[in-house]
Amino acid sequence: WRICGLPVGKHGLIKSGATLIVCPSPILEQWQSEIAKHSVEGAVEVVTWLGMKQPLETRPTLTALARADVVLTTYDALRSDVYHDGAPPRRLRTFKKYKV
């Protein structure tokens, strides 16, 4: 198993109570600022996942993602991570059997 491109521990999935917020890229910073504005400083741990293209040095670890209260990411990051393993893209729609 792999999550965020990293192998999951030998004990399986990591339990997490994080809330995942997926938003369009242009409003990611707005989400970050709104959470900071409406919460007490240090009371809510927010981790931002920018995808596998994020440099390894700044990419959150699985432990950081699991321990966070809120994980923010974008549709673009998730879309690019779906095919990160190199598997060919799958068709979500099939062709009609009978042409009209």
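Among the residues of segment 36-53 satisfying the criterion of being assigned to a loop (DSSP other than H, G, I, E, B) and touching a helix residue (DSSP H, G or I) at 6+ places or on another chain (Cβ under 8 Å), which is least open to solvent (accessible area, probe 1.4 Å)?
Looking at residues that are assigned to a loop (DSSP other than H, G, I, E, B) and touching a helix residue (DSSP H, G or I) at 6+ places or on another chain (Cβ under 8 Å), I get G51.
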Self-check item: Members of segment 54-84 that are open to solvent by 30 Å² or more (accessible area, probe 1.4 Å) and in contact (Cβ under 8 Å) with a residue 60 or more places away in the chain
Solution: D81, H84
Practice problem: Answer with yes or no whether T58 is at pLDDT 90 or above and in contact with a helix residue (DSSP H, G or I) (Cβ under 9 Å, 6 or more places away or on another chain). | Solution: no
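The values are calculated or read from the model by the stated rules, or taken from the named source; none is laboratory data. Just so it is clear, the model here is predicted, and its values are computed rather than measured. Cβ sites come from the backbone with ideal geometry, for glycine too, and all protein chains shown count toward neighbours. Remember, those area values only see protein heavy atoms, side chains included, never the ligands or the DNA or RNA. Shrake-Rupley method; radii C 1.70, N 1.55, O 1.52, S 1.80 Å.
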